[in-house]
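The structure appears right after this line, and notes come after that.
What follows draws every value from the coordinates through simple rules; no lab data is involved. Just so it is clear, the model here is predicted, and its values are computed rather than measured. Glycine gets a Cβ as well: all are built from the backbone with ideal geometry, and neighbour counts include every protein chain shown.
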């Protein structure tokens, strides 16, 4: 029961960790503008004229210098080698503008500095720095037939940004011979301002764009993979739980067989069948609860680990961790109690149906 509860909790923690990683990547005050039919930034195209129109909308906040807090960004996927295994990994390279860091409160430069505009310099997320060859501070990465010097390492916490490389947007577009952006990030605080911006941009005949809150966009990025993890994991858990229930049933049948005379004595003293049945069910539930507590406790230790896999939406490397919530812990405990109840019901019924005389004669 402890093992099955551990698997059950681990699956929910994995899906929760993925969703939380992507949701934390977005900011509730930021809006993201993409091509009308695009589902990801990688597949989105926003031409320069459209990006200029988007960036100067009156709903966009201004910084102290009076400039719109807007960032025109480009994303590409590059293939780099992992440390140790030399296996290829798809990594997101984000072309950053002058206001990119100001719009991303999650970014904290922990070593070196950000790349300077107009240079082939790169700043690596901590997860990428730890897992990709030559992505450490001072290393040299090669992609787009160009060498890029790693001049900084940033920690974006448990967000998708930690799995990205950041470079100057103009240099990235020149290296990949692109003349269009992937997205435009805007700071638009307030729901009224956002709704106005969304209506104006999506109805503008000069544009073919969609506008979303950044947190909504990243939540949608996690839905497919998180759903797959939950379905596959729950199917495995149900399969394993059958074995756990049968094990509990055998244990409780053995307990009934070993206590036949005690059951007869209790019945002779006036205890009802419901009392006998209730006592065995309670014992089975206690066993299930203990197994559930061990499983949830073991699952909590997974929070110290981080795994890396491919994000199916962008086909890029994404590092995220397990996340235990009160709700998941409650689900694990209830699941263990359900296994205990299912495993103890028939043995308890068997104990309650034993005759008094037959029980007292048992050896």
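State the antiparallel share, in %, of DSSP beta bridges confined to region 30-188, rounding to the nearest 5. Can you show the working numbers first?
On the way: 31 of 41 bridges.
Once the DSSP bridges in region 30-188 are tallied, antiparallel ones form about 75 percent.
What is the Cα convex hull volume of region 128-275 when expressed per residue in Å³?
Taking only Cα atoms, region 128-275 has a hull volume of 295 Å³ per residue.
Order these by the 10 Å Cβ neighbour count, fewest first: 349, 166, 148.
Listing 349, 166, 148 from fewest to most nearby Cβ atoms yields 349, 148, 166.
Taking the Cα centroid of region 117-187 and of region 331-356, what is the distance between the two, rounded to the nearest whole Å?
57
Kirkwood hydrodynamic radius, computed over distinct alpha-carbon pairs, for region 213-358: how many Å, to one decimal?
Answer for region 213-358: a Kirkwood hydrodynamic radius of 18.3 Å.
Across region 30-188, what fraction of all alpha-carbon pairs, as a whole percent, falls in each successive 10 Å bin from zero upward?
Result, from short to long distances: 11, 40, 36, 12, 1, 0 percent.
If you take every DSSP beta bridge whose two residues both sit in the chain, what share of them, in percent to the nearest 5, is antiparallel?
80
With the convex hull built on the Cα atoms of region 1-103, state its orientation-averaged projected area in nm².
Result: 10.7 nm².
Fewest first, what order do 147, 168 take by the number of other Cβ atoms within 10 Å? Please list the in-between numbers first.
Values: 147 12, 168 24.
With the sparsest Cβ surroundings first, the list reads 147, 168.
I'd like to compare 62-72, 266-276: which one has the highest average count of other Cβ atoms within 10 Å, and what's the full order after that? Mind dumping the intermediate values first?
Details: 62-72: 15.3, 266-276: 13.5.
Peptide ranking by packing, descending: 62-72, 266-276.
Which three numbers, in whole Å and largest first, are the semi-axes of the equivalent ellipsoid of region 95-145 derived from its Cα gyration tensor as √(5λ)?
Taking √(5λ) for each eigenvalue gives 19, 15, 9 Å, largest first.
Quick check: the angle from helix 326-352's long axis to the longest principal axis of the chain, C-alpha only, nearest 10 degrees?
It works out to around 20 degrees.
Kindly state, as a whole number, the per residue volume in cubic angstrom of the convex hull around the alpha carbon atoms of the chain.
Each residue corresponds to 171 Å³ of Cα convex hull volume.
Under the rule of -39500 (n - 2.57) per DSSP H run of 4 or more residues, summed and divided by the residues of the chain, what mean residue ellipticity at 222 nm is obtained, to the nearest 500 deg cm²/dmol?
Dividing the helical sum by the residues of the chain leaves -16000 deg cm²/dmol.
Expressed as an acute angle from 0 to 90° and rounded to the nearest 10, what is the orientation of the C-alpha long axis of helix 2-25 relative to the principal long axis of the chain?
Once rounded, the angle reads 20 degrees.
Among 23, 339, which comes first, second and so on when ranked by fewest other beta-carbon atoms within 10 Å?
Final ranking by Cβ density, sparse to dense: 23, 339.
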